[in-house]
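Following: one structure in C-alpha cells, then a few remarks.
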Amino acid sequence: MTELKLPELGEGIESGTVINIMVKVGDMVTMEQSLMEVETDKVVVEVPSDAEGLVAEILVSTGEQVSQGTPIIRLEDGEAKEAIRQEPSEVLAGEPATVTLVKEPEAKMEVVKKSTGKVTVSEVKLPSLGEGIEKGTIIAIHVAEGDTIVAEQTLMEVETDKVVVEVPADFGGEITKVLVNIGDEVSEGTPIVKVSSGASEVSEEESIVPVTEERLVEVKEVAKTEIPAKTKIPMPQTNNVKRNGRFRASPLAKKIAREIGIDIATMPITSGSNRISVKDVKNYAKSLNQNRVSSGVSMTMATLPDLSKWGNIRSEAMTGIMQATSKNMSTSWSNIPHAWLQEKVDITYLEQKRQAHKGAFKEKGSSLTITGILVKVIAKALEDFPIFNASIDTRNSAIVYKDYINVGVAVDSDRGLMVPVLKNANEKSITDISYELGSLAEKVKSKKIAMDELDGGTFTISNLGGIGTSAIFPLVSFPQVAILGVAGSQMEAVHIDGQFQPRLMMPLTIGFDHRIINGADAARFIKHVKTLLEDWFMWNL
C-alpha cells in the first residue's frame, strides 16, 4: 500500500483548498497523472501522482483545506489480487461499516451500489477562501431554489481582499434553499445552500471496484476505532536543539530561512515530522516578530474626521483588491527605508536597432520589447553589482548574497498587478528572454500562471512606459533590496557637440533599501545601467 501526500504548492504557500478530485476508488493511475486540483490564493495547482497503482482510498474531499504533507490518496499495487472498499462517511459517523473483499483475476470493473432508501439533504458550507483570508463578501449568486446542479458547478462568487473566488458545489443534487444573500459577509464554514441529493425512493451510492466475474465476498463489519477515515497527527513538542550541523530540511525551507536570516540548525520543528518544512520556518519567523520588543516605526490606524461638516459626502466600500494593496504597500513602506535616484538614458540608437530586428524576432514567435532588453541589461548589471541582488539579514546583522539572478517583471491584469519571474536571467539570450517574457505575460492574462513562475524573484522591473508616465517611484518588494522603475520615453533636445539634437530619452528610477545600499552605490549602479543600454547592449544583440 502506497500513501500519496500533497507536495509543496509553491514558495510561501502553506495551504490550499481541494476544488476537484480527478480520480475515484478503483481507478488505475500512472506516474505523473493528475489526481486533483488544489486552489491557492494565487493559482490552481494540478497535483500529479508520484507512483503507479490502483486507487484504494481517497483521503480528502472537495472543499477541504490541505497543506504540504497531507495524505491524499492510498494506492495498491496494480498487480494486487485483492482490494478493499470501505464507507468512510459511515466510519466517521461512528457506525459500523461493511468492508467488501473483491478478487480481480481478470481485473474486470463493476459498479457496486448501496441503497439508502431515502433522500439526503446536505448543507453546503463555504470552503477556505485562501491562505490568510478570513472572510469575503458575496457579490453574485448563480443558482436558485429548485435548480438542479452537478458537482463542481459554480454556486456563487465571493470577493476577498485579494481576488474574486468562485465557490463550486461539492456534489450534485437539487437546491432546496439558498441560505445567503448578495452583500452578505461570509467566512469559512458559513452555510450557503442546502442541496437534496438522491432519488425520491432509493438513492444509490456507487463506486467502481475491480471484481471477479463470479461473486463478491462480504467479509465483516469494522468499527470506527479499527479503520478511521482520517487520523490527525498530534503536533509534537517543539525543541530548540542544535543538531550538530546535521538536520533534514526541504530545499525551499533552507532557502527561505537563509533569505530572512534564520539559523535553521537551531529552530524548532512544529509541523509533525522530523523534517523542517516551509511552515516551520514561517511559524518560527512569526514567533520571533511577536516576541520582539516593539521599536522603530509603528503603524497606527488614523481616525477620519467628520468630513460632512463642510458639505455632502458619500462613502463607497473598498474592494478586496484595494484592501490587499493598501496592506501590502503599508508593510513595504514601514519595513524598508526607501530612497530613489533618477537617470535619463538616450535610447535613440537602441530603438532604431530594436525596430530593425523586430521582424526577425516575430518570425521566431516572440517580440523584441524594451522590457525584454531591460531584463537582459539588468541581469548583467546585477552580476557587476551583486549588492543589488542581495537581501538583508537584520537578525544576524549580515548581508545575504545570492548566486542566482531571477528578474521579476510587473504585469498588469484584470486580477491586479502580478510579477512573473524570469529565472537565471543572466544565463539567457535576449531571444530566450523575449520569448519567455511573452509567454509569462500571456499566462498572467489568461490566469494560467503557475505558482513557481511567480516565486523566487531577486530584483523587480516595473515598466509604465507604455502608459506614458513621466516619472515613477516604485516600492521595493521584501526581501529584495532594489527595484527599477521605467517611465515613458520622450523626444528631447539634448546638447551634443555644441548643438541641440533631438534624442529619444527614457527616464529610469532605481529604488533601493537604504540600510545596505548607499546613495553613491545607487548612483554608480544606475549610471552603469545607462552605459549598458547606450553601448554594451548594442554590441550584444
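The values are calculated or read from the model by the stated rules, or taken from the named source; none is laboratory data. Quantities reported herein were computed from a predicted structural model and do not represent experimental measurements. Here the Cβ positions follow ideal geometry from the backbone for every residue, glycine too, while neighbour counts run over all protein chains shown.
When you scan region 283-299, do you find a residue that is outside any helix (DSSP H, G or I), over 25 Å from K254 (Cβ atoms), among the polar types (S, T, N, Q) and at pLDDT 60 or above, even just one? Break it down into steps so the answer makes sense when it comes.
The first filter runs over region 283-299 and keeps only residues outside any helix (DSSP H, G or I), leaving 292-299.
With over 25 Å from K254 (Cβ atoms) added as a condition, the list becomes 293-299.
So of that shortlist, the ones also among the polar types (S, T, N, Q) come out as 294-295, 298.
Keeping just the survivors that are at pLDDT 60 or above gives none.
No, the conditions are met nowhere in region 283-299.
How many residues does region 413-435 contain that are assigned to a loop (DSSP other than H, G, I, E, B), of a type in the set (S, T, Y) and more than 15 Å from V377 (Cβ to Cβ)? It would help to see each step written out before you state the result.
From region 413-435, those assigned to a loop (DSSP other than H, G, I, E, B) are 413-417, 419-420, 423-424, 428-429; that's our starting set.
Cutting the leftovers down to of a type in the set (S, T, Y) gives us 413, 429.
Okay, now just the ones that are also more than 15 Å from V377 (Cβ to Cβ), so 413.
Here the count works out to 1.
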| note | Heads up, the helices (runs of 4 or more DSSP H) in region 310-412 (entirely inside) with at least 1 residues that are in contact with a Phe, Trp or Tyr (Cβ under 8 Å, 6 or more places away or on another chain) and either under 20 Å from L454 (Cα atoms) or among the charged types (D, E, K, R) (or both) are 320-335, 370-384
| Contacts under 7 angstrom Cβ, first residue in region 296-315 being outside the structural domain of S326 (by TED's automatic domain parsing), partner modelled with pLDDT of 65 or more and not in a helix (DSSP H, G or I), 6 or more apart | L307/I313
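Do the conditions hold for I472, that is, is it in a loop (DSSP other than H, G, I, E, B), more than 30 Å from G10 (Cα to Cα), free of Cβ contacts under 8 Å to residues at least 24 places away in the same chain and out of contact with any His (no Cβ under 7 Å at 6 or more places or on another chain)?
no
Mind listing just one residue for me: the one in region 455-478 that is hydrophobic (A, V, I, L, M, F, W, C) and in contact with a helix residue (DSSP H, G or I) (Cβ under 9 Å, 6 or more places away or on another chain) and, of those, farthest from L374 (Cα to Cα)?
Step one: of region 455-478, the residues hydrophobic (A, V, I, L, M, F, W, C) are 459, 461, 464, 467, 471-473, 475-476, 478.
Among the residues that remain, those that are also in contact with a helix residue (DSSP H, G or I) (Cβ under 9 Å, 6 or more places away or on another chain) are: 459, 461, 475-476, 478.
Working: F459: 12, I461: 8, L475: 18, V476: 18, F478: 21 Å.
Looking at the filtered set, the residue picked out is F478.
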| note | Within region 509-539, of all residues that are touching a Lys or Arg at 6+ places or on another chain (Cβ under 8 Å) and surrounded by fewer than 16 Cβ atoms within 10 Å (Cβ to Cβ), the one modelled with the highest pLDDT is W536
| Hits in region 359-391 - residues which are surrounded by fewer than 22 Cβ atoms within 10 Å (Cβ to Cβ), touching a helix residue (DSSP H, G or I) at 6+ places or on another chain (Cβ under 7 Å) and charged (D, E, K, R) | K364, K380, E383, D384
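Quick check, is S334 in the same structural domain as L484 (by TED's automatic domain parsing) and either without any contact (Cβ under 8 Å) to a residue 40 or more places away in the chain or under 20 Å from P479 (Cβ atoms) (or both)?
Values: in the same structural domain as L484 (by TED's automatic domain parsing): yes; either without any contact (Cβ under 8 Å) to a residue 40 or more places away in the chain or under 20 Å from P479 (Cβ atoms) (or both): yes.
So S334 passes the test.
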| query | Which pairs do you get when a residue that is under 11 Å from V375 (Cβ atoms), found in region 417-440, comes within reach of a residue that is surrounded by fewer than 19 Cβ atoms within 10 Å (Cβ to Cβ) and among the hydroxyl-bearing types (S, T, Y), reach meaning Cβ atoms under 7 angstrom, with the pair 6+ apart or on two chains? | reply | S434/S367
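Select from region 29-54 the residues that are under 24 Å from Q153 (Cβ atoms) and free of Cβ contacts under 8 Å to residues at least 40 places away in the same chain and list them in ascending order. It would help to see each step written out before you state the result.
Within region 29-54, the subset under 24 Å from Q153 (Cβ atoms) is 34-47.
S34, L35, M36, E37, V38, V44, E46 - these are the residues of region 29-54 that are under 24 Å from Q153 (Cβ atoms) and free of Cβ contacts under 8 Å to residues at least 40 places away in the same chain.
Taking the condition surrounded by fewer than 19 Cβ atoms within 10 Å (Cβ to Cβ), of a type outside the set (D, E, K, R) and assigned by TED's automatic domain parsing to the domain that holds I399, does A482 pass?
Values: surrounded by fewer than 19 Cβ atoms within 10 Å (Cβ to Cβ): no; of a type outside the set (D, E, K, R): yes; assigned by TED's automatic domain parsing to the domain that holds I399: yes.
Spelling it out, it is not the case that A482 is surrounded by fewer than 19 Cβ atoms within 10 Å (Cβ to Cβ), of a type outside the set (D, E, K, R) and assigned by TED's automatic domain parsing to the domain that holds I399.
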| said: Anything in region 481-537 that is within 24 Å of K353 (Cβ to Cβ) and among the small types (G, A, S)? List them, or say none. | reply: G485, A487, G488, S489, A493
| All positions within region 33-57 that are at pLDDT below 85 and touching an Asp or Glu at 6+ places or on another chain (Cβ under 8 Å) | T40, D41, V44, V45, E46
| task | Could you look through region 485-508, keep only residues that are of a type in the set (A, V, I, L, M), surrounded by 13 or more Cβ atoms within 10 Å (Cβ to Cβ) and more than 34 Å from the chain's Cα centre (by Cα), and pick out the one that is nearest to F385 (Cα to Cα)? | result | M505
| said: Being modelled with pLDDT under 80, over 21 Å from M318 (Cα atoms), among the charged types (D, E, K, R) and touching a helix residue (DSSP H, G or I) at 6+ places or on another chain (Cβ under 9 Å): is that true of E201 here? | reply: no
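Filter region 393-405 down to the residues that are surrounded by fewer than 21 Cβ atoms within 10 Å (Cβ to Cβ) and not small (G, A, S) and list them by number.
Residues of region 393-405 surrounded by fewer than 21 Cβ atoms within 10 Å (Cβ to Cβ): 393-404.
Correct list: D393, T394, R395, N396, I399, V400, Y401, K402, D403, Y404.
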| task | Would you check which residues across region 1-28 are assigned to a loop (DSSP other than H, G, I, E, B), among the aliphatic types (A, V, I, L, M) and either under 11 Å from V55 (Cβ atoms) or free of Cβ contacts under 8 Å to residues at least 12 places away in the same chain (or both) and list them? | result | M22, V23, V25
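Anything in region 475-491 that is assigned to a strand (DSSP E or B), within 22 Å of Y349 (Cα to Cα) and of a type in the set (G, A, S)? List them, or say none.
Let us first name the residues in region 475-491 that are assigned to a strand (DSSP E or B), namely 482-486, 490-491.
Checking which are within 22 Å of Y349 (Cα to Cα) leaves us with 484-486, 490-491.
Result: G485, single match.
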| note | Checked pairs for region 184-203, first within 24 Å of I133 (Cβ to Cβ), second in a strand (DSSP E or B) and modelled with pLDDT under 85, C-beta under 8 Å and 6 or more apart or across chains, list as none
